[in-house]
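Undergrad: The structure is given below, and queries will be raised subsequently.
Read-outs: derived from the displayed coordinates by stated rules, not from any lab. This one's a predicted model, so the numbers in the text were calculated from it and none came from an experiment. A quick note on method: Cβ atoms are made from the backbone with ideal geometry, for glycine too, and the neighbour counts reach across all protein chains shown.
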Amino acid sequence: MPDEPAPSFPQFDARVAAGLEAVADAGGLPGFLGLTHTDVGPGTLTARVPVRPELLTPFGNLHGGVLAALCDHVLGTVCYPVIPRGAWAATTEFKLNYLAPVTSGELAATARILSLTKRTAVVRIDVANDGRAVCMAQGTVLIMAPKAGDSGASTGG
């Protein structure tokens with residue numbers, strides 16, 4: 001809610017955030033989408049995806065699955081700089097509202113942690129296409145504690 005103060009995250013790990021910003025050739029689905037992290041802060045993350053012809057439906061609009069994949073990616077990834085090293089975030093659910101069709105340009109998804117406990121996080125995602133709102137999402141992730149002896153090297157989402 002816009003009038004409520006944003007949560008603060010004193011446990012924010014700038015090194016983990018810098019590692020997320022540096023991910024360029026992630027491979028997998030994020031790599032196929034051409035996803036890049038452009039801004040990572042305490043409880044926030046922005047990721048961008050260029051709209052390319054191979055991501056469009058035969059009718060010339062971006063496939064909704066691209067927006068869903070982008071939202072699912074940032075839903076978990078935004079948590080890594082503020083959860084214990086070695087922990088991981090597993091999506092348990094998320095809901096999308098598609099607002100407008102996309103045919104070209106670039107997507108920018110901004111994720112914000114609304115609530116974080118030791119076991120869960122609730123995240124809101126706003127997706128814009130060249131400045132126009134095209135999708136909103138909200139989801140929950142389960143925070144899985146590090147296993148004994150885990151060094152915390154994993155920062156995938």
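Undergrad: Could you tell me the calculated FRET efficiency between GLU106 and ALA14, based on Cβ-Cβ distance and R0 = 22 angstrom, to the nearest 0.05? Show your work: numbers first, answer last.
TA: Working: r = 26 Å, r/R0 = 1.20.
After rounding, the FRET efficiency stands at 0.25.
Undergrad: Going by alpha carbons, how many degrees (0 to 90, nearest 10) lie between the helix axis of 64-77 and the longest principal axis of the chain?
TA: So the helix axis and the longest Cα principal axis differ by about 20 degrees.
Undergrad: Over the chain, what is the relative contact order in whole percent, taking alpha-carbon pairs under 8 Å and six or more residues apart? All intermediate terms of the calculation are to be shown ahead of the outcome.
TA: Numbers: 329 pairs, mean separation 37.7, N = 157.
Reported relative contact order: 24 percent.
Undergrad: Let me ask something else about it. Please name which of GLY41, THR140, ASN61 has its Cα lying farthest along the dipole of the chain towards the positive end, using unit charges on Cβ (Lys, Arg +1; Asp, Glu -1) and the Cα centre as origin.
TA: It is THR140, whose Cα lies furthest towards the positive end.
Undergrad: Moving on. Starting at 0 and stepping by 10 Å, how many percent of the alpha carbon pairs of the chain end up in each bin?
TA: 11, 41, 34, 12, 2, 0
Undergrad: Tell me the net charge near PHE94. Cut-off is 11 Å between Cβ atoms, PHE94 excluded, with +1 for each Lys or Arg and -1 for each Asp or Glu. All intermediate terms of the calculation are to be shown ahead of the outcome.
TA: Working: positive: LYS95, ARG124; negative: ASP72, GLU93.
Residues near PHE94 contribute 0 overall.
Undergrad: Highest mean first, what order results for 43-50, 69-76, 11-18 on Cβ atoms within 10 Å?
TA: Details: 43-50: 21.2, 69-76: 23.9, 11-18: 14.0.
Ranking the peptides 43-50, 69-76, 11-18 by packing returns 69-76, 43-50, 11-18.
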